Amino acid sequence: TGNLAGAEAELKISLELQPDIPETLCMLAGLVARQDRVEEAISYYDQTLKKCPDYFEALAGLGHLYLTHNQPRKAADLLLKACIVRPTDQPVVDLLGNAMKRADRVDDAILFLEDRLKKHPNAAAVRNALAGMFLEKGECEKTINLIREGVKRHPEIPALVNNLAYAMVLCSGDSPLLMSEASLLMERRCEESNYTQPEYMRTLAKVYSKMR
């Protein structure tokens, strides 16, 4: 766990010497959050954002903290701002999707993510999150088309093929063609990974179980 008490003491001395440095406040927030000192963490994050409203680490950290403590609406507001600052950050975009779903703001999330994707068409994290929102609403064609485009744009991200096949499983209905395509995709992906990725094998198993 490291010397958390020592780290905290050094940061507080640093803060006394340079009280206007947001990085110090944000580091303190993260440090006390690790010790479940939630109110102190919130206070330090709030102080950070008063000094620097677009400080990404504070927006993301406080958003994550609120989400962890079952306050998805507050979390969503902060994570939206974090995604504007850094739209390609996969963990934060994933957190945003979770927060917006739990806050019952899926439609708002779709509008926001569509706008982000127009401005950053190669942001795989945004594309994935938007596909997840469409899947949440049962809009299968939009879901699959988004991920297909992602696979074309990002061949260096093999997990996208897994996402596409998984979406096909959920959206297949009575379409044997869709399941046949998903089967071919995942068989190839499993072979290329030398059957070392359990997630791929689980998806392939789901595909096989849906095939007739």
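Here are a few things to note about the model shown:
- Members of region 86-114 found to be in a helix (DSSP H, G or I), open to solvent by 60 Å² or more (accessible area, probe 1.4 Å) and either within 21 Å of LYS74 (Cα to Cα) or small (Gly, Ala, Ser) (or both), listed by number: GLN90, PRO91, ASP94, ASN98, LYS101, ARG102, ASP107, ASP108, LEU111
- Subset of region 146-158 [in a helix (DSSP H, G or I) and open to solvent by 80 Å² or more (accessible area, probe 1.4 Å)]: LYS152, ARG153
- Residue within region 52-66 that is assigned to a helix (DSSP H, G or I) and over 23 Å from ASP94 (Cβ atoms) present: no
The values are calculated or read from the model by the stated rules, or taken from the named source; none is laboratory data. Worth saying up front: this structure is predicted, and the values here are computed from it rather than measured. Neighbour counts are summed over all protein chains in view; Cβ atoms, including those assigned to glycine, are modelled from backbone coordinates with ideal geometry. What goes into the accessible areas is simple: the full protein's heavy atoms, side chains included, and nothing from ligands, DNA or RNA. Shrake-Rupley method; radii C 1.70, N 1.55, O 1.52, S 1.80 Å.
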